[in-house]
Amino acid sequence: MSNELAGDDPALQTNFAPADVAGALVLGIETSCDETAAAVIRRKADGTGEILSNIVRSQIEDHAAFGGVVPEIAARAHIALLDGLVRTAMDEAGVAFDDLDAVAATAGPGLIGGVIVGLMTAKAIALAADKPLVAVNHLEAHALTARLTDHVSFPYLMLLVSGGHTQFVLARGVGDYVRLGSTIDDALGEAFDKTAKLLGLAYPGGPAVERAAKTGNGSRFDLPRPLLNRPGLDMSFAGLKTAVRVAAERAAPLSDQDVADLCASFQEAAADVVSQRAGRALALFEEEYPGVEPVLVIAGGVAANQRIREGLEQAAEAVGARLVAPPPQLCTDNGAMIAWAGAERFVLGLVDELDVSPRPRWPLDATAQPMLGDGRKGAKV
Ligand code: KG4
Ligand code: ZN
């Protein structure tokens, strides 16, 4: 890691807002994948926050028959649901559009049809109520959630593990991120989903694989830990998924025990890769920021997996670091994280024009090499 990682723009290094920055009441809208969500949060002048409402409507049932998210179905569902969800979020918070300080929406990365629906809705509200618009990067919202839930200060590390992303990010300040490593092929959630599909388990695959793994023997199948011996923090999960397929074909016809053993072996391999990489990321952090308590924040649906979490806890413990895991409903896609990121940007004056464009790809770190699992949050079919 180079010294460049420490960053040099003090304006973006703010931890909590100075006392003279007033609080902010923000509506947040999330529509980048298969959750339609709206929330209202209040960011207080001292930098702490309060969730006044957080309404999430998962579309899992609409997509289950297809074994993954179908972009057109998702976009149509967002159109059908969003107005009502915004109304409910406002009512539950007990506020009117007039009371808001800003309107925030995910502007990318994500499935473009859905992103357009959310961003256009936010623009319409912002225009009608004469409020500033904040176009939020979905990945930044995941990264900043731990500041809402656990008052984490910059700098810190984040591991985002979802169906669309798997990456280690160094968060140095609002709008200031360095991607330290990423999957070079499948996202880990995608690998869980594909493993589940090929073993005949339900969608979404992550929870199904975790359930099956509980009664399985994780050392029965010797599955690869790709890239583990290479330097850096990149990861690869496509080979692991293929190895499960080959092992399953060899063991066919599969008994319930075979399926459980394959799931457990897959989970062990995934946990090994992620925790080894986390240990390395934390060591780099300590080198770069001696004396700063290393914090690793986890986000994304896969962070709900107990075995992965255990691996990360061990990696953190080994170097005296703190693992911060926001509650599962704030780790997966939701409106509160968008509203919070909107508030963090708003108090720094980082608002957007009404002609801001939706962005299907939008890496957090514009200087990083493009990677499949990075600026993308694509269809999981
Ligand atoms: O963050 P998320 O809800 O949506 C995005 O992809 O943005 O993550 C969903 C992913 C899916 O791939 C799902 O299979 C995975 O997270 N997942 C899990 C678990 N719960 C959800 N993977 C492993 N174990 C789990 N318990
Ligand atoms: Zn997400």
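The values are calculated or read from the model by the stated rules, or taken from the named source; none is laboratory data. In this text the structure is predicted, and so the values were computed from the model without any measurement. Methodologically, a virtual Cβ is constructed for each residue, glycine included, from the backbone with ideal geometry; neighbour enumeration extends over all protein chains shown. Accessible surface areas use protein heavy atoms only, side chains included; no ligands, DNA or RNA. Shrake-Rupley method; radii C 1.70, N 1.55, O 1.52, S 1.80 Å.
Using a simple charge model, +1 on the beta-carbon of Lys and Arg, -1 on the beta-carbon of Asp and Glu, nothing else, what dipole does the stretch 156-325 show about its Cα centre, in debye to the nearest 20? Could you put the intermediate results ahead of the total?
Values: 17 positive and 21 negative charges, 55 e Å.
I would put it at about 260 debye.
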Please check which bits of the stretch 40-82 a label hung off Thr88 would reach, taking the label as a point 7 Å along Cα-to-C-beta and the cut-off as backbone N under 11 Å.
54-58, 81-82
Accessible surface of the stretch 242-377, 1.4 Å probe, proportion on carbon and sulfur as whole %:
51
Cα-projected label distance for Glu287 with Gln314, points at 7 Å along beta-carbon direction, nm:
2.4
Give me the one-decimal nm value for the distance between modelled label points at Arg250 and Glu353, 7 Å along each residue's Cα-to-Cβ direction.
6.0
Thr88, Thr31, ranked by accessible area, largest first (probe 1.4 Å):
Thr88, Thr31
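Just to confirm, what accessible area per residue do you get for the chain at 1.4 Å probe, in whole Å²?
Values: 14810 Å² over 381 residues.
Result: 39 Å² per residue.
Report relative contact order for the chain in percent, whole number only (criteria: Cα-Cα under 8 Å, sequence separation at least 6).
This gives 25 percent for the chain.
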Ranking His165, Val209, Ser219 by how far each Cα lies towards the positive end of the charge dipole of the stretch 156-325 (+1 on Lys and Arg Cβ, -1 on Asp and Glu Cβ), the top one is Val209
Stretched fully, the stretch from Met120 through Asp222 gains (0.36 nm per residue minus C-alpha distance, one decimal, in nm) 31.8 nm
Positive-end residue, the stretch 156-325 charge dipole about Cα centroid, Cβ charges, pick of Ala283, Leu228, Gly175
Leu228
Give me the Å³ per residue figure for the convex hull around the C-alpha atoms of the stretch 156-325.
102
Square roots of five times the Cα gyration tensor eigenvalues for the chain, Å:
34, 25, 16
Given the options Leu52, Ala74, Ala64, identify the residue whose Cα lies farthest towards the positive end of the charge dipole of the stretch 50-108 (+1 on Cβ of Lys, Arg; -1 on Cβ of Asp, Glu).
Ala64
Can you show me the helix-derived [θ] at 222 nm for the chain, built from DSSP H runs with n ≥ 4 at -39,500 (n - 2.57) apiece and divided by the number of residues, rounded to the nearest 500.
-13000 deg cm²/dmol
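Would you mind working out the magnitude of the charge dipole of the chain relative to its Cα centre, with +1 at each Lys and Arg C-beta and -1 at each Asp and Glu C-beta, to the nearest 20 Debye?
Numbers: 32 positive and 49 negative charges, 177 e Å.
Once rounded to the nearest 20, the dipole reads 860 debye.
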The number of Lys pairs in the chain whose alpha carbons lie under 15 Å apart, excluding pairs fewer than 8 residues apart on one chain, is 6
Pairwise label distance in nanometres, Ala64 with Lys44, each label 7 Å out on the Cα-Cβ vector
4.1
In the Gaussian network model of the chain, springs joining C-alpha atoms below 10 Å, which of Asp234, Asp333, Asp91 carries the largest mean-square fluctuation?
Asp91
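Placing unit charges on C-beta atoms (Lys and Arg positive, Asp and Glu negative, everything else neutral), compute the dipole magnitude of the stretch 235-315 about its Cα centre in debye, rounded to 20. Walk me through the intermediate numbers first.
On the way: 7 positive and 12 negative charges, 64 e Å.
I would put it at about 300 debye.
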Determine the distance separating the Cα centre of the stretch 297-362 from the Cα centre of the stretch 108-177; give it in Å without decimals.
8
